[in-house]
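Take a look at the structure set out below.
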Amino acid sequence: MTEFTKDEIIEILKDDTKNDWLFSLADEVRKKYVGDEIHLRALIEYTNICKNACKYCGLRCENRQLERYRLTPEEIINQAYNAVDIGFKTVVLQGGEDAFFSKDVMCEIITEIKRADVALTLSLGERSYNDLKAFRKCGADRYLIRIETTDRKLYRKMHPYMDFDNRVRCLRDLKSLGYEVGTGCLVGLPEQTIESLADDILFFKEIGADMIGIGPLIAHPQTPLKDAKNGSLTLALKVMALTRILLKDINIPATTAMETLDPNGRIMALQCGANVVMPNLSLEEHQAKYEIYPNKGINSLPLEGENSLEAKLLSIGRTISTGYGFRNKERK
Ligand code: SAH
């Protein structure tokens, strides 16, 4: 079993001469523990209204240039059924922290979606224990909430009005409520250190994450980080590869932010640890408005045909799973 100490992780992250070794080791671990199947998740971005002001994110409440939208519960449910009809076995609802979606409204949406034969992932930001408990009771299976960075000082700088401990509290609540729990980090935040990225990876393990999403920072022109340098794709891939090697059988998406930096970014990610792809199934008229960063999803592949995602995946020796893609295979 491959285990790395924090010092070893730091050394690997700092040294680019052994990247080929790292990436092929991560690919081997991925193959051994989760196989060649790729799990697809239908991503529905249901609101871009957000009360937070994360310094890097285009949805931050202080970005007055963004045209805001919010799907109605009915539209969200229809979009989810649509994804199920196309063949998706998981629907992911992602949005800003929008107060319209109270506990009761969310419970109604979750209950309706769960009438279909589909696993449901929520990614709505921080919620109270009671809300999370109610969502779980209505049938929500998984929850994604990235810790973004475990460097508390940097976290505070990047997230005005927010509290690191509350985010960790959510993760622990989710775990205790029996969700499959996803978290992750941004790579390339200003002043982020390699040491803190090593801490992020160890945190993922400590919290018992079932899914980890890692993406490079992409500077958004309508945010305080407009002049920041984009994160490095290679460093993001290395953090992801190390996460695969340490956490082994978890689910790891090839993130869209990786594809924004390189047209082949997602395929690269699938070859160094990732086993999940999240195609964007948001309503077309709103897709451009869910602009957490610029040029997001412009390269997303069609689901069918010669240039399809499936054709791409087959060309690298992978297939599309027909299962729900839980980490714990006995779960459904
Ligand atoms: N409100 C939800 C969903 C946030 S959007 C929540 O709080 O969990 C999903 C992810 O997009 C975030 O967790 C963040 O890591 C990523 N993101 C936001 N802005 C970004 C940017 N400028 N570049 C790259 N990733 C970004």
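Note on segment 6-150: Rg/Rh from Cα positions, Kirkwood definition for Rh, rounded to two decimals, is 1.06. Rounded to the nearest 20, the Cβ-based charge dipole of the chain about its Cα centre (Lys and Arg +1, Asp and Glu -1) stands at 660 debye.
Within the listed set Asn63, Asn280, Asn251, the residue fluctuating most in the Gaussian network model of the chain (springs between alpha-carbon atoms under 10 angstrom) is Asn63. Most simply put, the chain has about 5% antiparallel DSSP beta bridges, counting only bridges with both residues inside it.
Each peptide in 119-127, 103-111 was scored by the mean count of other Cβ atoms within 10 Å over its residues; highest first, the order is 119-127, 103-111.
Suppose we look only past 16 Å in the calculated P(r) of segment 211-260. What percent of the Cα-Cα pairs does that tail hold? Tail of the P(r) past 16 Å holds 44 percent of the pairs.
Normalised by 2.2 N^0.38 Å, where N is the number of residues, the C-alpha radius of gyration of segment 146-246 stands at 1.07. Legend: Rg and Dmax of segment 6-320, from Cα coordinates, 18.3, 53 Å. Each part reduced to its alpha carbon centroid, segment 141-197 and segment 1-70 end up 12 Å apart. Summing Cβ point charges (Lys, Arg +1; Asp, Glu -1) relative to the Cα centre of segment 1-83 gives a dipole of roughly 560 debye. Note on the chain: with a GNM built from Cα contacts shorter than 10 Å, the maximum mean-square fluctuation among Ile316, Ile218, Ile252 falls on Ile316. Taking 1.002 mPa s as the viscosity and 20 °C as the temperature, the Stokes-Einstein diffusion coefficient of segment 95-217 based on its alpha-carbon Kirkwood radius rounds to 141 µm²/s.
Given segment 154-213, report the % of alpha carbon pairs whose separation exceeds 13 Å. Summing the P(r) tail past 13 Å for segment 154-213 gives 65 percent. Per-residue ellipticity at 222 nm, computed for the chain from helices alone with -39500 (n - 2.57) per DSSP H run of at least four residues, works out to -11500 deg cm²/dmol. Cβ-to-Cβ counts within 10 Å put Phe23, Phe4 in ascending order as Phe4, Phe23, the fewest first. Each 5 Å bin from zero up to the one holding the largest Cα-Cα distance in segment 186-300 carries the following percent of pairs: 2, 12, 21, 21, 20, 15, 7, 2, 0.
Each value in this text was obtained by applying a stated rule to the coordinates, not by laboratory testing. A quick note: this is a predicted structure, and the numbers were derived from the prediction, not measured. Cβ coordinates were reconstructed from backbone atoms using ideal geometry, including for glycine residues, and neighbour counts include every protein chain displayed.
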